[in-house]
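Participant: Sending over a structure as structure tokens; questions will come in a sec.
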Amino acid sequence: MARKNTGCVLNRIRELRFYTGEMTQRDLAERVGVSRQTIVAIEKARYAPTLELAFRISRVFELPLESVFTYVEDEASGSA
Amino acid sequence: MNEEATGARFNEASAWIQLLGAVGPFAGALAVIMSAPQNAGLTFFALASATTLTVIIQIVLHMVAAIATKEEPDDERDLAISHAADRAGGYIVSVGLIMAALALYWQRWTSEAQPPESAFRDPILVGHFLVLTLVVSEGLRTLTTIYFYRRG
């Protein structure tokens, strides 16, 4: 039986923007081709980007995908 | 510069316009219809007036919104929000259509038992219900859109 998906995708975009010369959300949005509001939503973990967008964001920071995004499972879903 | 504040975008502005631009005219139409629910002519006039007024209000306000907001193409989050809102509205339409069909069957089956002057024998009540379903569906669709944009 399929387990209910209760995890979320966290990310280090805010931190990485800081280390990349305080890149603005607008700059990042323009480089990956989305709106600034979408970057805001992703940073707050309110919106999980598609795999394609996640790769595009990772390439901006010249890091592998898993260094930027992390999938975290809730306690309730467990690892059983 | 405060980067946490999300600016008004056309899609969100459009959702607000659709919601608020329809509430006034259709609330007025509802008040008129409820004053004489079996008057088909008045119902038609009220709905036609409300629809016309809503269209005019929305055209004008959308033009203002298009001028006031920066033009940018929809991205994947915009499409995801649009799909979620359409799904929410679609549920209401589905339930409303099924209930309207059941109401028609019920009217047919019980027509002999109802007195001739009973409002329950009047098919226009099902018409009212169908229009209400569409209005509620559209309201829920726009509310869902606004919720997801406001959530950030």
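Just so you know, all these numbers are worked out from the coordinates, no wet-lab data involved. In this text the structure is predicted, and so the values were computed from the model without any measurement. Cβ: placed from backbone, ideal geometry, glycine included. Neighbour counts: every protein chain shown.
Participant: Among A:55, A:18, A:69, whose mean-square fluctuation peaks in a Gaussian network model of chain A (Cα, cutoff 10 Å)?
Facilitator: Judging by the Gaussian network model, the answer is A:18.
Participant: While we're looking at this one, here's another question. Would you mind ranking B:145, B:133 so that the residue whose beta carbon has the fewest other beta carbons within 10 Å leads the list? Walk me through the numbers before you get to the answer.
Facilitator: On the way: B:145 25, B:133 18.
Ranked by crowding around the Cβ, least crowded first: B:133, B:145.
Participant: Once you keep just the Cα pairs under 8 angstrom separated by 6 or more residues, what percentage relative contact order results for chain B? Before the final figure, lay out the partial values.
Facilitator: Numbers: 112 pairs, mean separation 51.1, N = 152.
For chain B, the relative contact order is 34 percent.
Participant: Let me ask something else. I need two numbers for chain B: Rg to one decimal and Dmax as a whole number, Cα atoms only, in Å.
Facilitator: Using the Cα atoms of chain B, the pair Rg, Dmax is 19.5, 71 Å.
Participant: Could you tell me the calculated FRET efficiency between residue B:103 and residue A:6, based on Cβ-Cβ distance and R0 = 45 angstrom, to the nearest 0.05?
Facilitator: Working: r = 40 Å, r/R0 = 0.88.
That gives a FRET efficiency of 0.70.
Participant: Still on this structure, I have one more. What value, in deg cm²/dmol to 500, does the helix sum -39500 (n - 2.57) over DSSP H runs of n ≥ 4 give at 222 nm once divided by the residues of chain A? All intermediate terms of the calculation are to be shown ahead of the outcome.
Facilitator: Values: 5 runs with 37 residues, N = 80.
So the calculated ellipticity at 222 nm is -12000 deg cm²/dmol.
Participant: Can you give the helix-only mean residue ellipticity at 222 nm for chain B, where every DSSP H stretch with n ≥ 4 adds -39500 (n - 2.57) and the sum goes over all residues, rounded to the nearest 500 deg cm²/dmol?
Facilitator: On the way: 4 runs with 118 residues, N = 152.
One gets -28000 deg cm²/dmol as the mean residue ellipticity at 222 nm.
Participant: Taking loop as defined by DSSP and a crowding limit of 16 other beta carbons within 10 Å, which trypsin sites (Lys or Arg not before Pro) in the stretch B:23-96 fit? Could you put the intermediate results ahead of the total?
Facilitator: On the way: sites: B:70, B:77, B:87; in loops: B:70.
Here the sparse-neighbourhood loop sites are B:70.
Participant: Still on this structure: In degrees, nearest 10, range 0 to 90: what is the angle between the Cα axis of helix A:51-60 and the longest Cα principal axis of chain A?
Facilitator: Roughly 40 degrees between the two axes.
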